[in-house]
Amino acid sequence: MIHVDNDWQGLFDEEQVKPYYLELRTFLKNEYRTRTVYPPMGEIFNAFALTPFSRVRVVIVGQDPYHEPGQAMGLSFSVREGVEEPPSLRNIHQEIVSEKVLQGPWSSDLSRWARQGVLLLNSTLTVQAHRAASHAGHGWEIFTDRCIAALGADPVPRVFMLWGSYARGKKALVTNPAHLVLESAHPSPLSAYRGFFGNGHFAKCNDFLTGIGAEPVVW
(Lines give C-alpha, C1' and ligand atoms only; values in the text may rest on other atoms or scores of the structure.)
Protein backbone atom coordinates (compact mmCIF):
# COMPACT_ATOMS: atom_id res chain seq x y z
CA MET A 1 0.00 0.00 0.00
CA ILE A 2 1.14 3.54 -0.74
CA HIS A 3 1.77 5.82 2.24
CA VAL A 4 3.01 9.34 1.53
CA ASP A 5 1.84 11.01 4.77
CA ASN A 6 0.44 14.10 3.08
CA ASP A 7 -2.65 15.26 1.19
CA TRP A 8 -1.98 13.02 -1.82
CA GLN A 9 -3.05 10.10 0.35
CA GLY A 10 -6.78 10.37 -0.34
CA LEU A 11 -6.29 10.12 -4.10
CA PHE A 12 -3.81 7.28 -3.61
CA ASP A 13 -6.29 5.40 -1.42
CA GLU A 14 -8.90 5.66 -4.18
CA GLU A 15 -6.57 4.44 -6.91
CA GLN A 16 -4.76 1.60 -5.18
CA VAL A 17 -7.91 -0.50 -4.73
CA LYS A 18 -8.81 -0.36 -8.43
CA PRO A 19 -8.19 -3.43 -10.62
CA TYR A 20 -5.55 -1.76 -12.79
CA TYR A 21 -3.50 -0.80 -9.74
CA LEU A 22 -3.78 -4.23 -8.16
CA GLU A 23 -2.45 -5.70 -11.40
CA LEU A 24 0.34 -3.13 -11.47
CA ARG A 25 1.29 -3.94 -7.90
CA THR A 26 1.51 -7.66 -8.69
CA PHE A 27 3.64 -6.89 -11.75
CA LEU A 28 6.00 -4.68 -9.72
CA LYS A 29 6.43 -7.23 -6.95
CA ASN A 30 7.57 -9.77 -9.50
CA GLU A 31 9.80 -7.28 -11.32
CA TYR A 32 11.59 -6.13 -8.17
CA ARG A 33 12.01 -9.74 -7.05
CA THR A 34 13.41 -11.08 -10.32
CA ARG A 35 15.08 -8.12 -12.09
CA THR A 36 17.02 -4.96 -11.43
CA VAL A 37 14.49 -2.13 -11.35
CA TYR A 38 14.95 1.60 -10.82
CA PRO A 39 14.42 3.60 -8.75
CA PRO A 40 14.80 1.68 -5.47
CA MET A 41 11.38 0.63 -4.22
CA GLY A 42 11.45 3.14 -1.37
CA GLU A 43 11.94 6.03 -3.80
CA ILE A 44 9.16 5.32 -6.31
CA PHE A 45 6.88 7.99 -4.85
CA ASN A 46 9.50 10.61 -3.97
CA ALA A 47 7.84 13.25 -6.14
CA PHE A 48 4.63 12.99 -4.13
CA ALA A 49 6.35 12.70 -0.76
CA LEU A 50 8.40 15.85 -1.36
CA THR A 51 5.60 17.87 -2.98
CA PRO A 52 2.19 17.64 -1.28
CA PHE A 53 -0.82 18.32 -3.51
CA SER A 54 -1.69 21.58 -1.77
CA ARG A 55 1.85 22.89 -2.28
CA VAL A 56 2.16 22.08 -5.99
CA ARG A 57 2.80 25.28 -7.95
CA VAL A 58 4.52 23.82 -11.00
CA VAL A 59 4.23 20.43 -12.74
CA ILE A 60 7.08 19.19 -14.95
CA VAL A 61 6.04 16.03 -16.77
CA GLY A 62 8.63 13.43 -17.73
CA GLN A 63 8.05 10.11 -19.44
CA ASP A 64 10.23 7.42 -17.90
CA PRO A 65 12.83 7.12 -15.10
CA TYR A 66 16.49 6.97 -15.98
CA HIS A 67 17.45 3.34 -16.52
CA GLU A 68 21.17 3.23 -15.72
CA PRO A 69 22.67 2.51 -12.26
CA GLY A 70 22.55 5.29 -9.69
CA GLN A 71 20.44 7.69 -11.74
CA ALA A 72 16.72 7.36 -10.98
CA MET A 73 15.60 8.87 -7.69
CA GLY A 74 11.84 9.21 -8.12
CA LEU A 75 11.94 12.74 -9.56
CA SER A 76 11.70 13.40 -13.28
CA PHE A 77 14.96 14.66 -14.83
CA SER A 78 16.82 14.66 -11.49
CA VAL A 79 19.91 12.72 -10.39
CA ARG A 80 21.73 12.93 -7.10
CA GLU A 81 24.67 15.24 -6.64
CA GLY A 82 27.83 13.55 -7.87
CA VAL A 83 26.06 11.47 -10.52
CA GLU A 84 26.96 12.49 -14.06
CA GLU A 85 24.22 14.70 -15.47
CA PRO A 86 22.19 13.03 -18.22
CA PRO A 87 22.04 15.08 -21.46
CA SER A 88 18.45 16.30 -20.93
CA LEU A 89 19.32 17.66 -17.49
CA ARG A 90 22.43 19.38 -18.87
CA ASN A 91 20.23 21.09 -21.43
CA ILE A 92 17.73 22.14 -18.75
CA HIS A 93 20.65 23.66 -16.83
CA GLN A 94 21.83 25.44 -19.98
CA GLU A 95 18.40 26.92 -20.63
CA ILE A 96 18.09 28.17 -17.05
CA VAL A 97 21.48 29.85 -17.33
CA SER A 98 20.58 31.42 -20.69
CA GLU A 99 17.36 32.81 -19.22
CA LYS A 100 19.42 34.39 -16.42
CA VAL A 101 17.18 32.94 -13.72
CA LEU A 102 19.72 30.70 -11.97
CA GLN A 103 20.20 31.84 -8.39
CA GLY A 104 23.11 30.37 -6.48
CA PRO A 105 25.02 27.22 -7.38
CA TRP A 106 23.53 24.64 -9.71
CA SER A 107 22.88 21.09 -8.50
CA SER A 108 21.79 18.05 -10.51
CA ASP A 109 19.65 17.02 -7.51
CA LEU A 110 16.32 18.73 -8.13
CA SER A 111 14.92 17.89 -4.70
CA ARG A 112 15.24 21.59 -3.91
CA TRP A 113 12.68 22.29 -6.64
CA ALA A 114 10.36 19.60 -5.31
CA ARG A 115 10.45 21.14 -1.83
CA GLN A 116 9.44 24.48 -3.36
CA GLY A 117 6.33 22.99 -4.95
CA VAL A 118 7.64 21.74 -8.30
CA LEU A 119 6.11 18.31 -8.93
CA LEU A 120 8.70 16.38 -10.94
CA LEU A 121 6.43 13.65 -12.25
CA ASN A 122 7.31 10.88 -14.66
CA SER A 123 4.36 9.26 -16.38
CA THR A 124 5.83 5.82 -15.66
CA LEU A 125 7.41 5.58 -12.22
CA THR A 126 9.61 2.48 -12.59
CA VAL A 127 11.82 0.88 -15.25
CA GLN A 128 14.00 -2.18 -15.77
CA ALA A 129 17.73 -1.57 -15.78
CA HIS A 130 19.08 -0.69 -19.24
CA ARG A 131 15.61 -0.96 -20.84
CA ALA A 132 13.91 2.37 -21.47
CA ALA A 133 10.10 2.33 -21.27
CA SER A 134 10.14 -1.32 -20.14
CA HIS A 135 7.38 -0.65 -17.57
CA ALA A 136 5.21 1.41 -19.90
CA GLY A 137 1.71 0.07 -20.46
CA HIS A 138 1.40 -1.72 -17.12
CA GLY A 139 -0.82 0.82 -15.38
CA TRP A 140 1.44 3.60 -14.21
CA GLU A 141 0.12 5.94 -16.88
CA ILE A 142 -3.43 5.54 -15.58
CA PHE A 143 -2.25 6.42 -12.10
CA THR A 144 -0.16 9.44 -13.03
CA ASP A 145 -2.79 10.74 -15.46
CA ARG A 146 -5.24 10.67 -12.57
CA CYS A 147 -2.82 12.78 -10.53
CA ILE A 148 -2.27 15.28 -13.35
CA ALA A 149 -6.01 15.50 -13.97
CA ALA A 150 -6.68 16.22 -10.30
CA LEU A 151 -4.19 19.08 -10.38
CA GLY A 152 -5.46 20.22 -13.77
CA ALA A 153 -9.03 20.54 -12.51
CA ASP A 154 -8.09 22.21 -9.22
CA PRO A 155 -9.00 25.91 -8.90
CA VAL A 156 -5.57 26.96 -7.62
CA PRO A 157 -3.60 28.33 -10.63
CA ARG A 158 -0.49 26.32 -11.48
CA VAL A 159 2.11 26.08 -14.22
CA PHE A 160 2.35 22.92 -16.33
CA MET A 161 5.57 22.45 -18.30
CA LEU A 162 5.05 19.96 -21.12
CA TRP A 163 8.21 19.19 -23.07
CA GLY A 164 8.08 16.91 -26.09
CA SER A 165 5.19 15.23 -27.84
CA TYR A 166 4.58 12.70 -25.08
CA ALA A 167 4.24 15.29 -22.32
CA ARG A 168 2.25 17.60 -24.58
CA GLY A 169 -0.27 14.80 -24.93
CA LYS A 170 -1.18 15.43 -21.29
CA LYS A 171 -2.50 18.91 -22.08
CA ALA A 172 -6.08 17.62 -22.27
CA LEU A 173 -5.85 16.70 -18.58
CA VAL A 174 -5.39 20.37 -17.63
CA THR A 175 -9.01 21.48 -17.70
CA ASN A 176 -8.99 24.65 -15.61
CA PRO A 177 -8.19 27.65 -17.84
CA ALA A 178 -6.68 29.44 -14.84
CA HIS A 179 -3.54 27.31 -15.22
CA LEU A 180 -0.60 28.27 -17.43
CA VAL A 181 0.41 25.50 -19.86
CA LEU A 182 3.88 25.87 -21.37
CA GLU A 183 4.73 23.59 -24.31
CA SER A 184 7.94 23.10 -26.24
CA ALA A 185 10.30 20.50 -27.66
CA HIS A 186 11.94 18.06 -25.25
CA PRO A 187 15.33 18.96 -23.72
CA SER A 188 16.95 15.78 -25.07
CA PRO A 189 19.87 16.30 -27.49
CA LEU A 190 17.67 15.01 -30.30
CA SER A 191 15.22 17.88 -30.00
CA ALA A 192 16.57 20.60 -27.71
CA TYR A 193 17.65 22.76 -30.67
CA ARG A 194 14.20 22.42 -32.23
CA GLY A 195 12.43 24.55 -29.66
CA PHE A 196 13.53 23.76 -26.12
CA PHE A 197 16.45 26.14 -26.10
CA GLY A 198 15.06 29.64 -25.97
CA ASN A 199 11.58 28.62 -24.83
CA GLY A 200 11.85 30.93 -21.82
CA HIS A 201 9.78 28.57 -19.69
CA PHE A 202 11.55 29.11 -16.39
CA ALA A 203 11.25 32.88 -16.55
CA LYS A 204 7.67 32.67 -17.84
CA CYS A 205 6.80 30.34 -14.97
CA ASN A 206 8.12 32.76 -12.38
CA ASP A 207 6.43 35.71 -14.05
CA PHE A 208 3.12 33.85 -13.82
CA LEU A 209 3.64 32.87 -10.19
CA THR A 210 4.57 36.42 -9.24
CA GLY A 211 1.51 37.68 -11.10
CA ILE A 212 -0.84 35.54 -8.99
CA GLY A 213 0.89 36.54 -5.75
CA ALA A 214 2.90 33.35 -5.31
CA GLU A 215 6.61 33.05 -4.61
CA PRO A 216 8.77 32.46 -7.69
CA VAL A 217 10.79 29.25 -7.88
CA VAL A 218 14.47 29.50 -7.01
CA TRP A 219 15.84 27.49 -9.92
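The values are calculated or read from the model by the stated rules, or taken from the named source; none is laboratory data. Remember, it's a predicted structure, so these values are computed and weren't measured experimentally. Positions of Cβ are generated from backbone atoms using ideal geometry, with glycine treated the same way; all protein chains shown enter the neighbour counts. Areas reflect the complete protein model, heavy atoms only, side chains present, ligands, DNA and RNA absent. Shrake-Rupley method; radii C 1.70, N 1.55, O 1.52, S 1.80 Å.
Pull out a ≥ b ≥ c, the square roots of the eigenvalues of the alpha-carbon gyration tensor of the chain, then state rounded if a/c is under 1.5, prolate if not and a/b is larger than b/c, and oblate in the remaining case. The shape class here is oblate. Applying 0.36 nm per residue to the separation of GLU81 and ALA136 and subtracting their alpha-carbon distance, the gain on full extension is 17.1 nm. When the residues TYR32, TYR21, TYR193 are ordered by accessible surface, computed with a 1.4 Å probe over the protein chains alone, the sequence from largest down reads TYR193, TYR32, TYR21.
Report the FRET efficiency, 1/(1 + (r/R0)^6), for THR175 and SER54, where r is their Cβ-Cβ distance and R0 is 30 Å, rounded to 0.05.
Efficiency for this residue pair is about 0.95.
Lysine pairs in the chain whose alpha-carbon atoms fall under 22 angstrom of each other, counting only those eight or more residues apart or on distinct chains, come to 5. Label separation (TRP106 vs ASP207): 2.3 nm, computed from points 7 Å beyond Cα along the C-beta direction.
Taking 0.36 nm per residue of separation and subtracting the current Cα-Cα distance, fully stretching the chain between ALA150 and TYR20 would add 45.0 nm. Full extension of the chain between ARG33 and ARG115 yields a length gain of 26.4 nm, computed as 0.36 nm times the residue separation minus the alpha carbon distance. Counting helices only, and only those DSSP H runs with n ≥ 4, report the 222 nm mean residue ellipticity of the chain as the sum of -39,500 (n - 2.57) divided by its residues, in deg cm²/dmol to the nearest 500. Mean residue ellipticity at 222 nm (helix-derived): -10000 deg cm²/dmol. DSSP beta bridges fully contained in the chain are about 20 percent antiparallel.
So for the chain, averaging the separation of alpha carbon pairs under 8 Å that are six or more residues apart and normalising by length, what relative contact order in percent results?
23
When the square roots of the Cα gyration tensor eigenvalues are ordered a ≥ b ≥ c, the ratio a/c for region 1-117 is 1.5 or more and a/b does not exceed b/c, which makes its shape oblate.
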